[in-house]
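Here the structure is laid out as C-alpha cells; the discussion comes afterwards.
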Amino acid sequence: MKIRKIFAVIIAVCMLTFAQSAYAESIQPTAIGIGDTPATAIQITPNLGYLTLFLSNQADVDYFKWKNTSSSPIFINFSLQSPATAVYDFEFFIKYPTGTSSAPVQALDVGYGKLVSNIYLPPNCEIFFMVKATVFNSPTDLYQVAFSTRSIDF
C-alpha cells in the first residue's frame, strides 16, 4: 500500500515536471485584414482615449476614418505611439464632398511617436489616417492611436 502511494506521487511529479505549459505557445493575432484599404477603413470616434491594434507584417497597413457631419469646420488631432521594438509611421489625407482628395501628408515625428494637430477639416469632409511599419518586428507588437476633435471658435 505504501509503495502504491509513493509510486503515485512519483508519477504525479513526473507528469507535472514534463507537461508543457499552455502559456508557452506564441500568441498569434486573429484580427487580420481589417482596415487595409480606404474603402474598409476603421471608423473611429473622437475623444475616447487610445485604440490599440497591431500590424500583421511589414506590408500591412491600417486605415482609420472619420467624417465631419456637422455644419461647422473642426480641428483634428491624431497621434500614434509605436511599439517599443518597432517604428511605425502614419500619413493622412482629406476626402472632399466633390470626390477629390488632398495629397497624403506625413505626420510629425515627436520622438515617442507621430503626431498631427490642428488639422482644419471643413464640414462634410472625411479624413483618413494610414498607419504603416517603417521597421517591423513582430505581429504581436501593439501600437496605439488617439484621435480627438475640437470646435473652432471664431
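The values are calculated or read from the model by the stated rules, or taken from the named source; none is laboratory data. The shown structure was predicted, so the numbers you read here are calculated from the model rather than taken from an experiment. Here Cβ is always computed from backbone atoms with ideal geometry, including for glycine, and neighbour counts include all displayed protein chains.
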Please find, within the range 95-137, the residue that is surrounded by the fewest Cβ atoms within 10 Å (Cβ to Cβ) out of those that are small (G, A, S) and in contact with a strand residue (DSSP E or B) (Cβ under 9 Å, 6 or more places away or on another chain). A103
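Part of a strand (DSSP E or B), crowded, with 19+ Cβ neighbours inside 10 Å and of a type in the set (G, A, S), is that true of S148?
Details: part of a strand (DSSP E or B): yes; crowded, with 19+ Cβ neighbours inside 10 Å: no; of a type in the set (G, A, S): yes.
Criteria not met by S148.
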Residues being of a type outside the set (D, E), touching a Phe, Trp or Tyr at 6+ places or on another chain (Cβ under 9 Å), outside any strand (DSSP E or B) and over 20 Å from I119 (Cα atoms) - total across the range 47-81: 4
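What about F136, is it of a type outside the set (D, E, K, R), under 19 Å from the mean Cα position of the chain (by Cα) and within 18 Å of Q43 (Cβ to Cβ)?
Considered against the rule, which asks whether it is of a type outside the set (D, E, K, R), under 19 Å from the mean Cα position of the chain (by Cα) and within 18 Å of Q43 (Cβ to Cβ), F136 comes out as no.
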Counted residues in the range 82-110 being assigned to a loop (DSSP other than H, G, I, E, B), within 23 Å of I152 (Cα to Cα) and under 19 Å from the mean Cα position of the chain (by Cα) come to 1
Determine whether A84 is under 13 Å from M130 (Cα atoms), out of contact with any helix residue (DSSP H, G or I) (no Cβ under 6 Å at 6 or more places or on another chain) and not charged (D, E, K, R). no
With the first residue restricted to the range 138-154 and required to be closer than 14 Å to K67 by Cα, and the second required to be loosely packed, with under 13 Cβ neighbours inside 10 Å and of a type in the set (V, I, T), Cβ contacts under 9 Å at 6 or more apart or on different chains are F147/T45
Can you confirm whether Y96 is at pLDDT 95 or above and either out of contact with any Asp or Glu (no Cβ under 7 Å at 6 or more places or on another chain) or farther than 15 Å from Y63 by Cβ (or both)? yes
